[in-house]
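The values are calculated or read from the model by the stated rules, or taken from the named source; none is laboratory data. What you see is a predicted model, and the numbers here were worked out from it, not measured in a lab. FYI the Cβ positions are ideal-geometry reconstructions off the backbone, even for glycines, and counts take in every protein chain you see.
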Amino acid sequence: MIQRAKLHFPRVTLRPDPSRTLVRPFEPGYPQGFDAGTTRTQETVDLILSLGEAELTRQLEGVTASLDENHRDVDAMLRRRFDEVADHFDGADRCDDARHRLIGAYFSQEYAYESAALFNPSAVLHPDQSDVSDGEVRFILSLRGIGEGHLSSVTFRTGRWKPGGALVVDDPSSVSMQPIIERADTDDVVRLRYSGSEDLSETVLFPVLPSQRQGIEDLRLVRFDEGEGTLAYHGTYTAFSGAEARSELLTTTDFSTFEMRALTGDASTGKGMALFPRRIDGLFTMLGRQDNKNIWLLESDDILHWAGGAKLIEPRYPWEFVQMGNCGSPIEVDEGWLVLTHGVGTVRNYCIGACLLDKRDPSKLLARTPRPVLAPSPKQRDGYVPNVVYSCGALLAGRHLLLPYAVADSFTAFATTTVDDLLAAME
């Protein structure tokens, strides 16, 4: 007899916090087609250079008072911003260090990156499992933050979970760090170094490539077994330029240095790609949703190139008639590959379900839940986008599952269950 999956709900929620800010580049300009004879950048710098020493000092003190509370190494950050814009105006060679910093401040903007929403989480085991109690695991949580202009970025939290016991998400730092950006010869690759971050919550992945101009959306992290004891963390995400969306890959081994690379191939234009946590028969394997309706299975000998594929799971039940997709990377259990799914039904309700794929041949669908495992409830339905529960990846500890999930594209909550309960809810 098919049972309903039993879920428990720890009383932990993560909500948007407008006090968490980062400093992003800013440069004023005239409207397109308006010719003033000079640039607003040049005009602004000329005004700064006209300041007397007393006023210069007063302005710098104001900048420091404004930024020191939420940012570290403010002077170095402002000097870097000066270096980025120095070739945009005449007179850079006449500037001393104080004017370097003040010009850097005028061409910067403080941005509240999670002021509107904090949602679509994924969870992975932390690389450091020292000093945890028996049965407890330390984890990393990635979250999508949205700020002014519906601009998306990725932020992180850490925490500890003991199945059957407490769930603790660490309080975030009040500081957010800008990365050192190392660009390759192509616009499709960038390396970000966060050497100044003292806590992972200080690290924010903010759009840096043209493809990401309007946001980095829905990171699906996976702890990937490279073989021979080597582990890496990969994460697929949607890069949105404001006009086009494409899938890109984030890679790190230490959550201090990250590499962003574009995915290629006809399947990479879809959203919701999720990488299996190891190669299968020597090939990288991915779930995708390139037709915006069904879940597809993809294989490749190149982690950056994804083409073709075959339909794996199609809508069958009323709660998924409109659309299906994965809720993160497949999870390897004794019985096969456990995949959390999302389905879209009436009134564009998003619900979470699950299915099981064959371990040796994941193109074989063994079972799936005929009813949602988790659906919007009267107490968790209202928000920026009503009637949505959604996840980008769950965490397995033994036979227990921690499911972080988004509510109404607004905030993040948590549920726990077991592999056995999920399998009992399948047919």
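Residues in the range 231-247 that are free of Cβ contacts under 8 Å to residues at least 60 places away in the same chain and in a strand (DSSP E or B) were compared, and the one that is surrounded by the fewest Cβ atoms within 10 Å (Cβ to Cβ) is ALA232.
The set of residues in the range 319-333 being in contact (Cβ under 8 Å) with a residue 40 or more places away in the chain and over 17 Å from PRO121 (Cβ atoms) consists of TRP319, PRO330, GLU332, VAL333. Residues of the range 262-287 that are assigned to a strand (DSSP E or B), of a type outside the set (Val, Ile, Thr) and more than 17 Å from SER391 (Cβ to Cβ): ALA262, ARG278, LEU283, PHE284, MET286. Within the range 304-334, the set of residues being among the aliphatic types (A, V, I, L, M), over 11 Å from VAL344 (Cβ atoms) and assigned to a strand (DSSP E or B) comprises ALA310, LEU312, ILE313, ILE331, VAL333.
A quick yes/no check of all residues on (1) touching a Cys at 6+ places or on another chain (Cβ under 9 Å); (2) farther than 22 Å from SER153 by Cβ; (3) surrounded by fewer than 18 Cβ atoms within 10 Å (Cβ to Cβ):
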| position | (1), (2), (3) |
| --- | --- |
| PRO362 | no, yes, no |
| ARG368 | yes, yes, no |
| LEU374 | yes, yes, no |
| ASP382 | no, yes, yes |
| LEU402 | no, yes, no |
| THR417 | no, yes, no |
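One residue stands out among those in the range 90-105 that are part of a helix (DSSP H, G or I) and either hydrophobic (A, V, I, L, M, F, W, C) or within 29 Å of the chain's Cα centre (by Cα) (or both): the one that is farthest from GLY62 (Cα to Cα), which is ALA92. Within the range 44-51, the presence of a residue that is exposed (fewer than 14 other Cβ atoms within 10 Å of the Cβ) and under 25 Å from the mean Cα position of the chain (by Cα) is excluded. Listed by position, the strands (runs of 3 or more DSSP E) inside the range 383-427 whose residues that are of a type outside the set (D, E, K, R), more than 27 Å from HIS234 (Cβ to Cβ) and modelled with pLDDT of 95 or more number at least 2 form an empty set.
Given the criteria at pLDDT below 95, in a helix (DSSP H, G or I) and on the phi < 0 side of the Ramachandran plot, does ALA65 qualify? It is true that ALA65 is at pLDDT below 95, in a helix (DSSP H, G or I) and on the phi < 0 side of the Ramachandran plot. For the range 173-189, a tally of residues being surrounded by fewer than 20 Cβ atoms within 10 Å (Cβ to Cβ), out of contact with any Pro (no Cβ under 9 Å at 6 or more places or on another chain) and either part of a strand (DSSP E or B) or not aliphatic (A, V, I, L, M) (or both) returns 10.
Across the range 248-269, the qualifying residues are those that are under 20 Å from PRO127 (Cβ atoms) and of a type in the set (A, V, I, L, M), and the one among them that is surrounded by the fewest Cβ atoms within 10 Å (Cβ to Cβ) is LEU249. Of LEU231, LEU249, LEU287, LEU304, all but one fail to be aliphatic (A, V, I, L, M), under 17 Å from the mean Cα position of the chain (by Cα) and in the same structural domain as LEU396 (by TED's automatic domain parsing); the exception is LEU249. Quick one: which of LEU340, LEU356 is of a type in the set (A, V, I, L, M), surrounded by fewer than 24 Cβ atoms within 10 Å (Cβ to Cβ) and part of a strand (DSSP E or B)? Of the residues listed, the single one that is of a type in the set (A, V, I, L, M), surrounded by fewer than 24 Cβ atoms within 10 Å (Cβ to Cβ) and part of a strand (DSSP E or B) is LEU356.
For the residues VAL132, VAL74, the requirement of being without any contact (Cβ under 8 Å) to a residue 40 or more places away in the chain, β-branched (Val, Ile, Thr) and surrounded by fewer than 16 Cβ atoms within 10 Å (Cβ to Cβ) singles out VAL132.
Annotation note: of GLY272, GLY308, GLY328, GLY288, the sole residue that is at pLDDT below 95 and surrounded by 23 or more Cβ atoms within 10 Å (Cβ to Cβ) is GLY272. The number of residues in the range 190-213 that are closer than 16 Å to MET260 by Cα and either part of a loop (DSSP other than H, G, I, E, B) or hydrophobic (A, V, I, L, M, F, W, C) (or both) comes to 10.
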